[in-house]
1. Take the residues in the range 41-69 that are assigned to a helix (DSSP H, G or I) and free of Cβ contacts under 8 Å to residues at least 24 places away in the same chain; name whichever of them is nearest to Asp7 (Cα to Cα).
2. Tell me yes or no: at least one residue of the range 18-31 is open to solvent by less than 100 Å² (accessible area, probe 1.4 Å), part of a loop (DSSP other than H, G, I, E, B) and either touching a Pro at 6+ places or on another chain (Cβ under 8 Å) or without any contact (Cβ under 8 Å) to a residue 40 or more places away in the chain (or both).
3. If I filter the range 70-89 for residues that are closer than 30 Å to Pro5 by Cβ and modelled with pLDDT of 80 or more, do I get at least one hit?
4. Could you look through the range 38-85, keep only residues that are surrounded by 10 or more Cβ atoms within 10 Å (Cβ to Cβ) and among the hydroxyl-bearing types (Ser, Thr, Tyr), and pick out the one that is nearest to Thr22 (Cα to Cα)?
Amino acid sequence: MAQAPLDTIYTADEAASRLRLTNRALIKIARQYGYCSRSGRDYLFSEADLLAIWQALREPAKSPKPPPVKPYISDHNLYEELQRLTRKKRPASKRSVRA
């Protein structure tokens, strides 16, 4: 049985710089999703691990917002609003200007 060649292996420092993360953030995410290997105190990452971590970091698509619900206007409030809108505006009073 032929084995597939092993991808490039990265240290935590190398992997963090490739993903533009801090070491601590990278290790935290990798351990949470199980995308890392450990040798003693060192965390190691394959190319496939980095791709999987990148997919885990992606922002999920947002569904479009539903249209806002229009509030119900009672007949009385509608009548008052129409009265206010159709009311004639009073002309501005003329003040005498003293020189």
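1. Out of the qualifying residues, it is Leu51.
2. Here is the first cut: in the range 18-31, the residues open to solvent by less than 100 Å² (accessible area, probe 1.4 Å) are 19, 21-23, 25-27, 29-30.
Applying the additional criterion that residues be part of a loop (DSSP other than H, G, I, E, B) yields 21-22.
Imposing the further condition that a residue be either touching a Pro at 6+ places or on another chain (Cβ under 8 Å) or without any contact (Cβ under 8 Å) to a residue 40 or more places away in the chain (or both) reduces the set to 21-22.
Yes, the range 18-31 contains a residue that is open to solvent by less than 100 Å² (accessible area, probe 1.4 Å), part of a loop (DSSP other than H, G, I, E, B) and either touching a Pro at 6+ places or on another chain (Cβ under 8 Å) or without any contact (Cβ under 8 Å) to a residue 40 or more places away in the chain (or both).
3. Looking through the range 70-89, none of the residues is closer than 30 Å to Pro5 by Cβ and modelled with pLDDT of 80 or more.
4. Tyr43
The values are calculated or read from the model by the stated rules, or taken from the named source; none is laboratory data. Being a predicted model, the structure only gives us computed values, none of them experimental. Cβ atoms come from the backbone with ideal geometry, glycine included; neighbour counts cover every protein chain shown. Accessible surface is based on the protein model in full, side chains and every heavy atom, while ligands, DNA and RNA are left aside. Shrake-Rupley method; radii C 1.70, N 1.55, O 1.52, S 1.80 Å.
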